[in-house]
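A.B. asks: Structure incoming, see below.
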Amino acid sequence: MLIKTKINMEQKYIKITEPNFEEFLNAAFMKFSIPPPSEGVTVYDETGTEVDADVFEDVAQQPNAGVLTIRLKHIRGSNRQFTDAALELSNYNSEDSVILELVSCTSDDTIILEEDSSPSAKRQKQDQDAKRLVESALAKTAGGDRIVKEYNRTKSLTDSSRRQMVNILAANMTEAHGMAPPRHVREMYAKGIVSMFPYLMDPYSKNGYEHFYDGESGTGYLAWRLKTIQKSNATSETRASPRQTGGGPKARRDVSLSPEMTLTEEQCKEAMSFMKYCSDEATVKQKMKITFEYRRQIVLDEEKSSDVLTEFPRFRDVKGLVEQDFILQFGENVAAKFLERWPTIFKQKIIQQSKAFPTASELKELIYCAEATSNEREEDEASLGSGWDSDLSSIILLLHLIPPSTQGRKRPGRVSASQAEKHLVVFMKSGTSVQEHVDAITSSTQPYLLAIGMNRATIHEFYIVIDKQAIPCRSTSSLGAFDELFKTHFVFGIMYNQMLQNMYTFVQTTVYNIDIGKVHESPRVAEIRARLLQ
């Protein structure tokens, strides 16, 4: 069956074997390079009457069907720009929709379809060829059918199913192309995966499939599996794997500053000297604001960066200075994203994803605490009293979803999420001296939260410990404290703790949307993003 389809002024022809609604939508998504909608697909006829998807087959086959309008709401990855012909989604927000028009056509249109040699048609053919390649590999391998059924049922794949799929495809690839398949072959398999399973597409990457294979860096699940196969056959690839650079806490950024913030070095030193003894916090914040540019020069200077807290000691007693510097770098919209998006977009989805993991007692307790409300804690203090509050528990669950990567052959080697948690937050009983805690640190450390309270569920004060010094958090909530902890890396130009690298990178790119495409991301980061942003 041939259907003429149109978005705005762009017209394409879609050929499907069965005139059912789901097959048409999947074909249309690929034809126009549209990511699948996260929710809401509605069909209307020319009178504006809603047409149930179940009767789509009958209506679409009628020669006088006229124009059917399909409205797709909440497009996944709508902050991404799709440059395929007349379609651009870069300005769409969550309330916008994309409209497909189905115009009844005759068999004569087949000629137009066959003559379509436009770049978009070639890309469509490449996508279809890649999809058929993956379909064939899974169809002829034991377990492949189960993977397809699982995806059709859940619109996702568990970790074990994803690993099995990658193993099947890597074996199929080496069987046909040898132990070192060329780059275009690897990319074709990766493209085939997201063409066949569109909900596995990463909406933040250039092509959507880089977590399966990234030709620029030679990384991804398929690349890793191929290297394992090659090692088992006593061979190895010699190509380097350069990482993307240019983003992250130590990146230099163009910041637009007002004239009063452009001071001479002498003026900056006068302001710094004045701040050290000023008792008015509002004045201190103003002086810190006008010395921001000078402070950034120190932060980004490898030889001077460790002197920031010595030169600007008011970070240690005036709350809110970290937030102020972060806003000067990125603006208020970016600064507010974590507190806005974590409770509404990410928290519940992370909890649900965590439930699919083997239920070890520690993980089970985290899920229990993350789901518990304040009232439930009061009623069930015996079970929940030793755990963190709901928000912090959900953040630690993310650390289990995106665990630390192997630290190399040297110690500590492989680190568990539970071990890495100690580098994220440390609990201290109320009445204990913060200064004694800091003095006991034997070496300089990367930032972590020091949570002070009667127990982990009732924290009344947070500090950020950095370079054997404690900076008080403005927020008394765990969500606000973590927000400040993350921002500290950018304010002081400190790289992430290696054990928390993957988790922090996810928060940076996926939640704050900072430096998308400029930093190296592990395939696990992209995979979890694809799952959570369905």
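The values are calculated or read from the model by the stated rules, or taken from the named source; none is laboratory data. All of these numbers come straight from a predicted model, not from anything done at the bench. Every residue, glycine among them, receives a Cβ derived from its backbone with ideal geometry; neighbour counts consider all protein chains shown.
A.B. asks: How about region 134-153: which of its residues are modelled with pLDDT of 90 or more and of a type in the set (Ser, Thr, Tyr)?
C.D. replies: If the condition is that a residue be modelled with pLDDT of 90 or more and of a type in the set (Ser, Thr, Tyr), then Ser136, Tyr151 are the ones that fit.
A.B. asks: What helices (runs of 4 or more DSSP H) lie completely within region 332-373 and have 3 or more residues being modelled with pLDDT under 90 and assigned by TED's automatic domain parsing to the domain that holds Val322? Steps first, answer last, please.
C.D. replies: Details: elements: 332-335, 337-341, 347-354, 361-371.
In region 332-373, 361-371 are the helices (runs of 4 or more DSSP H) which contain 3 or more residues that are modelled with pLDDT under 90 and assigned by TED's automatic domain parsing to the domain that holds Val322.
A.B. asks: Residues in region 384-404 that are under 18 Å from the mean Cα position of the chain (by Cα) and part of a loop (DSSP other than H, G, I, E, B): how many?
C.D. replies: 3
A.B. asks: Could you please find all residues in region 261-283 being hydrophobic (A, V, I, L, M, F, W, C), more than 20 Å from Gln297 (Cβ to Cβ) and surrounded by 11 or more Cβ atoms within 10 Å (Cβ to Cβ)?
C.D. replies: Within region 261-283, just Cys278 meets the criteria.
A.B. asks: Considering only region 246-291, state which residues are among the polar types (S, T, N, Q), within 16 Å of Ile327 (Cβ to Cβ) and assigned to a helix (DSSP H, G or I).
C.D. replies: The answer is Gln286, and nothing else.
A.B. asks: Still on this structure, I have one more. Quick check on Glu302: is it free of Cβ contacts under 8 Å to residues at least 40 places away in the same chain, within 32 Å of the chain's Cα centre (by Cα) and part of a loop (DSSP other than H, G, I, E, B)?
C.D. replies: Working: free of Cβ contacts under 8 Å to residues at least 40 places away in the same chain: yes; within 32 Å of the chain's Cα centre (by Cα): yes; part of a loop (DSSP other than H, G, I, E, B): yes.
Considered against the rule, which asks whether it is free of Cβ contacts under 8 Å to residues at least 40 places away in the same chain, within 32 Å of the chain's Cα centre (by Cα) and part of a loop (DSSP other than H, G, I, E, B), Glu302 comes out as yes.
A.B. asks: Right, something else. Which condition does Gln124 not pass, out of (1) over 26 Å from the mean Cα position of the chain (by Cα); (2) more than 16 Å from Leu222 (Cβ to Cβ); (3) modelled with pLDDT of 90 or more, if it passes all the others?
C.D. replies: Every listed condition holds for Gln124 apart from (3).
A.B. asks: Filter region 458-472 for residues that are over 12 Å from Arg316 (Cβ atoms), touching a residue at least 60 places away in the same chain (Cβ under 8 Å) and under 27 Å from the mean Cα position of the chain (by Cα) and give the result.
C.D. replies: Residues satisfying the conditions do not exist here.
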